[in-house]
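**Student:** Have a look at this one before I ask anything.
The values are calculated or read from the model by the stated rules, or taken from the named source; none is laboratory data. Computed from a predicted model, the values in this text were never measured in an experiment. Reconstructed Cβ throughout: ideal geometry from the backbone, glycine too, with neighbour counts over all protein chains shown.
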Amino acid sequence: MTRWGAWVIGLVLSSSAPRARAEGVARHDIELSWVSPEGCPDEAALRREIEDLLARVAAPSESPNPVVAKGVVRETKTGFDLSLDIRAGEARERRRLPGPRCETLAEAAALIIAIAYDPAAAEPAAAEPAPPPEPPEPPPSSEPPAPRPSPEPPEPPVPEPDERAIELLAGLGGVVAVGVTPKANAGGALRLGLRYDWLQVFAEGALWLPVQATVEDGPAGGDLALQTLGLVGCGGTSVGWEPLRMGGCARVLLARVRAEGFGVTRPGAATGLWLGLGPGGFATVELTPWLAARVELAALVAATRPRWLLRNVGELGDPGVITLHGGLGLDVTF
């Protein structure tokens with residue numbers, strides 16, 4: 001943080017210098033989202049700071065990068081913590097900056113965003129004219145000179161940011177399964193988990209539409225209702241195109257199936273548990289710094305295979321040894 005702190009202090013001290021122009025952030029291709037505690041610089045103040053930094057650039061780039069930036073400042077026990085997510089063109093950068101003052105973090109965020117938009121903003125502003133020389137000191141007198149005040153101690157350096165912050169992950173989507181029941185199942189799923197760098201772990205619950213299955217030798221059959229709970233761990237990375245992330249997963253899925261007979265007098269009912277586990281893969285495309293579209297597919301081997309044998313109805317069929325599980329949805333990170 002030493003390098004960024006030096007630039008921020010230099011820019012703050014030169015804020016009284018004449019400005020070459022006054023272009024607002026709205027005239028630049030910068031999409032900004034900023035959340036901060038009460039009493040800290042708000043989004044409007046951050047936009048003005050970015051505007052001032054870009055206005056000081058002596059030779060702006062002819063083709064600056066479009067920037068999407070999201071910053072969140074949180075108060076901690078020792079000061080404040082800034083989480084900053086920036087996408088400049090096709091490049092993406094995540095930063096975590098702790099600091100004793102939220103104003104310093106806001107100034108650092110403004111400088112980082114301005115440099116991401118136009119690298120020329122990293123050049124220091126033009127130095128002010130040197131002040132006139134001080135007049136010569138008077139001849140020494142018999143009285144001893146007054147002691148000079150001691151300089152104020154510098155602020156402690158801010159440690160280097162940890163770009164691999166843990167993020168909360170939530171997702172919603174549709175799922176399909178082939179092999180748990182005699183017919184294919186479809187339903188909706190909700191997931192919650194954590195993401196750290198390239199690794200993510202989450203739990204997923206799903207409710208499935210009921211399906212009907214009939215016995216081979218008559219109109220009798222059963223309605224099968226399915227609920228599932230899964231635990232998934234995935235690892236992946238960007239492939240070629242920065243917003244695209246692909247990788248592999250390991251999945252464990254527990255299903256509760258309730259079968260109720262029909263088509264006969266006094267049909268029976270049964271409940272069974274199905275357990276499967278196996279590998280899979282996924283792909284996500286980031287739509288914004290906090291929203292991504294997801295597609296995934298897994299092949300699960302059945303560890304338990306309950307029989308759907310109903311009284312006065314018969315057997316509806318057994319689950320398959322291999323079950324295919326797929327999903328499509330949206331994920332949000334916090």
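**Student:** Among the candidates Ala250, Ala225, which residue alone is surrounded by 14 or more Cβ atoms within 10 Å (Cβ to Cβ), at pLDDT 90 or above, closer than 23 Å to Val313 by Cα and of a type outside the set (Phe, Trp, Tyr)?
**Tutor:** Details: Ala250 fails: closer than 23 Å to Val313 by Cα.
Going through Ala250, Ala225 in turn, just one is surrounded by 14 or more Cβ atoms within 10 Å (Cβ to Cβ), at pLDDT 90 or above, closer than 23 Å to Val313 by Cα and of a type outside the set (Phe, Trp, Tyr): Ala225.
**Student:** Please identify the pairs in which a residue from segment 303-322 that is farther than 13 Å from Ala255 by Cβ has its Cβ atom under 6 Å from the Cβ atom of a residue that is of a type in the set (Asp, Glu) and outside any loop (DSSP other than H, G, I, E, B), counting only partners at least 6 apart or on another chain.
**Tutor:** Every condition considered, the pairs that remain are Leu309/Glu315.
**Student:** Go through (1) surrounded by fewer than 14 Cβ atoms within 10 Å (Cβ to Cβ); (2) at pLDDT 85 or above and name the single condition Pro159 misses.
**Tutor:** (2)
**Student:** How many residues, within segment 80-117, are part of a strand (DSSP E or B) and under 17 Å from Pro41 (Cα atoms)?
**Tutor:** Narrowing segment 80-117 to residues part of a strand (DSSP E or B): 80-88, 91-99.
Those still in the list that are under 17 Å from Pro41 (Cα atoms) too: 80-84, 97-99.
Matching residues across segment 80-117 total 8.
**Student:** Continuing with the same structure: Answer yes or no: is there a residue in segment 77-87 that is closer than 21 Å to Pro243 by Cα and either basic (Lys, Arg) or more than 20 Å from the chain's Cα centre (by Cα) (or both).
**Tutor:** Start the filter on segment 77-87 by keeping residues that are closer than 21 Å to Pro243 by Cα, which leaves 83-87.
Filter again for either basic (Lys, Arg) or more than 20 Å from the chain's Cα centre (by Cα) (or both), leaving 87.
Yes; the residues of segment 77-87 include at least one that is closer than 21 Å to Pro243 by Cα and either basic (Lys, Arg) or more than 20 Å from the chain's Cα centre (by Cα) (or both).
**Student:** Right, next: Being among the polar types (S, T, N, Q), touching a residue at least 24 places away in the same chain (Cβ under 8 Å) and assigned to a strand (DSSP E or B) narrows it down to one of Thr284, Thr181, so name that one.
**Tutor:** Residue meeting the stated conditions: Thr284.
**Student:** Condition test on Gly268, is it crowded, with 17+ Cβ neighbours inside 10 Å and without any contact (Cβ under 8 Å) to a residue 60 or more places away in the chain?
**Tutor:** On the way: crowded, with 17+ Cβ neighbours inside 10 Å: no; without any contact (Cβ under 8 Å) to a residue 60 or more places away in the chain: yes.
In short, no.
**Student:** The conditions are (1) buried (at least 20 other Cβ atoms within 10 Å of the Cβ); (2) of a type outside the set (D, E, K, R); (3) not in a loop (DSSP other than H, G, I, E, B), and Ala120 fails exactly one of them. Which is it?
**Tutor:** Exception for Ala120: condition (1).
**Student:** Exactly one condition in (1) surrounded by fewer than 18 Cβ atoms within 10 Å (Cβ to Cβ); (2) of a type in the set (A, V, I, L, M); (3) in contact with a Ser or Thr (Cβ under 9 Å, 6 or more places away or on another chain); (4) more than 24 Å from Glu167 (Cα to Cα) is not met by Leu244; state its number.
**Tutor:** (4)
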